[in-house]
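Structure first, commentary second.
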Amino acid sequence: YPEEQLELLIELVSQIMRRYPEIDAVDVVGHGDIASDRRVDPGPLFPWKRLYELGIGAWYDEETVAEYRHRFGLAMPPLAQLQRALKTYGYRIAETGEYDVQTRFVVRAFQMHFRPSSHSGQFDTETAAILFALVDKYRAETPPTGLAPVLESER
């Protein structure tokens, strides 16, 4: 993305967020986050972390990711629980317990946003750790049934 385009975008979104303070950080998303089955933009090269550092959007805390990475290195949550966490965070996904097409598209969209270095659409320890760190940070007040035991890790 050209720097001039990013600067214009940052200014525009900053103005919108000042005008509408009820917009939550997790509400700043890309097309791919909303329509993961048919859109991939803005794609893995979009600087989401940079925007977060400027007060736009959401990002995870590295320390929390490290805690979940350690925990999930021992045992990954079941796929249905991972799907539930994606839904809790805000992605449109049905909890099927199966690695189906919708899951692959949603995981890929999540990875392009929060883990752009690897966006295969496959769940792995790092993706799961980032997801649960985000749920912890932004959605922990209302964890869905069955998610709470993972969120209440040994800290």
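The values are calculated or read from the model by the stated rules, or taken from the named source; none is laboratory data. Quantities reported herein were computed from a predicted structural model and do not represent experimental measurements. Neighbour counts run over all protein chains shown; Cβ positions are idealised from the backbone, glycine included. Side chains are part of the model used for accessible areas, which takes the heavy atoms of the whole protein and leaves out ligands, DNA and RNA. Shrake-Rupley method; radii C 1.70, N 1.55, O 1.52, S 1.80 Å.
Residue-wise test of (1) at pLDDT 95 or above; (2) open to solvent by 30 Å² or more (accessible area, probe 1.4 Å); (3) more than 12 Å from the chain's Cα centre (by Cα); (4) within 25 Å of Ile34 (Cβ to Cβ).
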| site | (1), (2), (3), (4) |
| --- | --- |
| Pro77 | yes, no, yes, yes |
| Tyr99 | yes, yes, yes, yes |
| Arg108 | yes, yes, no, yes |
| Phe132 | yes, no, no, yes |
| Pro149 | no, yes, yes, no |
Within region 28-46, restricting to residues that are open to solvent by less than 80 Å² (accessible area, probe 1.4 Å) and touching a Pro at 6+ places or on another chain (Cβ under 9 Å), the one that is nearest to Glu126 (Cα to Cα) is Pro44
Just checking, does region 2-12 include any residue being of a type in the set (S, T, N, Q) and open to solvent by less than 60 Å² (accessible area, probe 1.4 Å)? no
Please state which of the following conditions Arg115 fails to meet, knowing it meets all the rest: (1) more than 21 Å from Leu8 (Cα to Cα); (2) open to solvent by less than 20 Å² (accessible area, probe 1.4 Å). (2)
Given the structure, is Glu53 more than 30 Å from Val101 (Cα to Cα), open to solvent by 60 Å² or more (accessible area, probe 1.4 Å), at pLDDT 95 or above and not hydroxyl-bearing (Ser, Thr, Tyr)? yes
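Please go through region 20-76 and pick out each residue that is of a type in the set (S, T, N, Q) and under 17 Å from Phe110 (Cα atoms).
Listed by number, the list holds a single entry, Ser36.
Does at least one position in region 15-26 carry a residue that is under 15 Å from the mean Cα position of the chain (by Cα), open to solvent by 40 Å² or more (accessible area, probe 1.4 Å) and closer than 17 Å to Pro116 by Cα?
Of region 15-26, the ones under 15 Å from the mean Cα position of the chain (by Cα) are 24-26.
So of that shortlist, the ones also open to solvent by 40 Å² or more (accessible area, probe 1.4 Å) come out as 24.
With closer than 17 Å to Pro116 by Cα added as a condition, the list becomes none.
No: zero hits.
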